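Report on one structure; see the data block that follows.
The values are calculated or read from the model by the stated rules, or taken from the named source; none is laboratory data. Keep in mind that what you see is a predicted model, and the values were worked out from it rather than measured. No Cβ is skipped: glycine too gets one built from the backbone with ideal geometry, and neighbour counts run over all protein chains shown.
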Amino acid sequence: MINFSLPITDSFKALDAAARDRILVLDGAMGTMIQTLNMTEEDFTANGHIHGPGCRHHQSDHPQKGNNDLLVLTQPKAVEDIQLQFALAGADILETNTFSSTTIAQADYGLETAVHDLNVAGAQVARRAADRAQAEDGRPRYVAGAVGPTNRTASISPDVNDPGYRAVTFDDLRRAYGQQIDGLIEGGSDLILIETIFDTLNAKAALFAAFESFAKIGRRLPLMISGTITDASGRTLSGQTPTAFWHSVRHARPFTVGLNCALGADAMRPHLAELSGVAETMICAYPNAGLPNAFGQYDEEPDDTASKVAVFAKEGLVNVVGGCCGTTPEHIRAIAEQVAPYAPRKPRGTNNV
Ligand SMILES: [Zn+2]
């Protein structure tokens, strides 16, 4: 299924050229920005009027407060404004607000039927923010269709008494991711970002699905793959070191491989150095704004996060940097300023394009 003979898109070529020229900047956290808006249940559902780009209505009897992805349908302007703030702060790549827009994750909210619309609209909203930023300062922005891990894991049993049990299969994930990625491409994504990977098998299902989607449109988009280290010994939840993680995904020839979330930049650095030492492709890193406090909030100041991320750049470890949980437009502005003097890491291979 994985077919590298498909032509790459024009924006793939432009993105690749830009990444060889300088360190690119990815945006920051959508979730923590949405929290500051203190939206109510009525805001989340637009008073019960949930409809997609084609005016198809969606209904659910579950509460929707906290279903951040739904806001691309019900409060698109709020999401677009946050993305525009990140873009004007210096982000080259804007993530769609679609981290949980799969049937598997939306089942928690009874909105499985809205998944296609969530992804199409999620990409359209980010595209509008990208185009507005480009109109303002002339710099191109790229839309990254964001694909999260879902809330189920294909390689570990959730039941300690039944280690062979799986709450989800590879094919369930492949189908759900395929539906998501088709929508993200239809809505105008320039690339697909498979992020916060805690289970490599889930990510492999997403990669397989991405190539199925590329075959449908006859073109190949850039893939960014980002794992998350959840364990003090430097492993993912499914038990892999950064080196093992790279060897599990390199067959997809990603544009970037990297790490995000879970840790602040300091704790991420050795794992990133390991990945940078083994991966032939470009490297992406977007840590949280430090570690959460007792209330689950992130207090690391923009300049602190930025000076730690700038160490990655100074050491020649990175090609794309940004922020995960707790990072605001001010964090992204500081990161963009502090990495600007440094050259991007030179990938040792050319397996991205
Ligand atoms: Zn995070």
For this session: Within the range 229-263, work out how many residues are more than 27 Å from residue 8 (Cα to Cα) and either surrounded by 17 or more Cβ atoms within 10 Å (Cβ to Cβ) or of a type outside the set (A, V, I, L, M, F, W, C) (or both).
Result: 17
For this session: Tell me, yes or no, whether the range 71-80 has at least one residue that is in contact (Cβ under 8 Å) with a residue 40 or more places away in the chain, in a loop (DSSP other than H, G, I, E, B) and farther than 27 Å from residue 289 by Cα.
Result: no
For this session: Tell me, please, whether a residue that is within 15 Å of the ligand (Cβ to nearest atom), among the polar types (S, T, N, Q) and within 18 Å of residue 95 (Cβ to Cβ) can be found in the range 291-304.
Result: no
For this session: Being surrounded by 21 or more Cβ atoms within 10 Å (Cβ to Cβ) and touching a Lys or Arg at 6+ places or on another chain (Cβ under 6 Å) is the filter here, so list the residues in the range 175-206 that pass it.
Result: 205
Seminar exercise, completed: The number of residues in the range 212-224 that are crowded, with 16+ Cβ neighbours inside 10 Å and out of contact with any Asp or Glu (no Cβ under 8 Å at 6 or more places or on another chain) is 4
For this session: Please give the number of the condition residue 257 fails out of (1) in a loop (DSSP other than H, G, I, E, B); (2) more than 16 Å from the ligand (Cβ to nearest atom).
Result: (1)
Exercise. In the range 291-309, which residues are modelled with pLDDT of 95 or more and either surrounded by 23 or more Cβ atoms within 10 Å (Cβ to Cβ) or part of a loop (DSSP other than H, G, I, E, B) (or both)?
Worked result: 300, 301, 305, 306, 309
Exercise. Out of curiosity, is residue 329 of a type outside the set (A, V, I, L, M) and more than 17 Å from the chain's Cα centre (by Cα)?
Worked result: no
Exercise. In this structure, is residue 298 in contact with a Leu (Cβ under 7 Å, 6 or more places away or on another chain) and closer than 15 Å to residue 28 by Cβ?
Worked result: no
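Yes or no: residue 279 more than 14 Å from the ligand (Cβ to nearest atom), at pLDDT 95 or above, in contact with a strand residue (DSSP E or B) (Cβ under 6 Å, 6 or more places away or on another chain) and more than 22 Å from residue 197 (Cβ to Cβ)?
No: the conditions fail for residue 279.
If we scan the range 17-29, do we find a residue that is closer than 18 Å to residue 125 by Cα and surrounded by fewer than 15 Cβ atoms within 10 Å (Cβ to Cβ)?
Within the range 17-29, not a single residue is closer than 18 Å to residue 125 by Cα and surrounded by fewer than 15 Cβ atoms within 10 Å (Cβ to Cβ).
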Problem set entry | Those residues of the range 313-348 which are part of a loop (DSSP other than H, G, I, E, B) and within 16 Å of the ligand (Cβ to nearest atom), in sequence order | 322, 323, 324, 325, 326, 327, 328
Exercise. If we scan the range 81-94, do we find a residue that is part of a helix (DSSP H, G or I), within 16 Å of the ligand (Cβ to nearest atom) and either within 25 Å of residue 306 (Cβ to Cβ) or more than 16 Å from the chain's Cα centre (by Cα) (or both)?
Worked result: yes
Exercise. Looking at 87, 78, 105, which one is in contact with a strand residue (DSSP E or B) (Cβ under 7 Å, 6 or more places away or on another chain), under 24 Å from residue 323 (Cα atoms) and not aromatic (Phe, Trp, Tyr)?
Worked result: 87
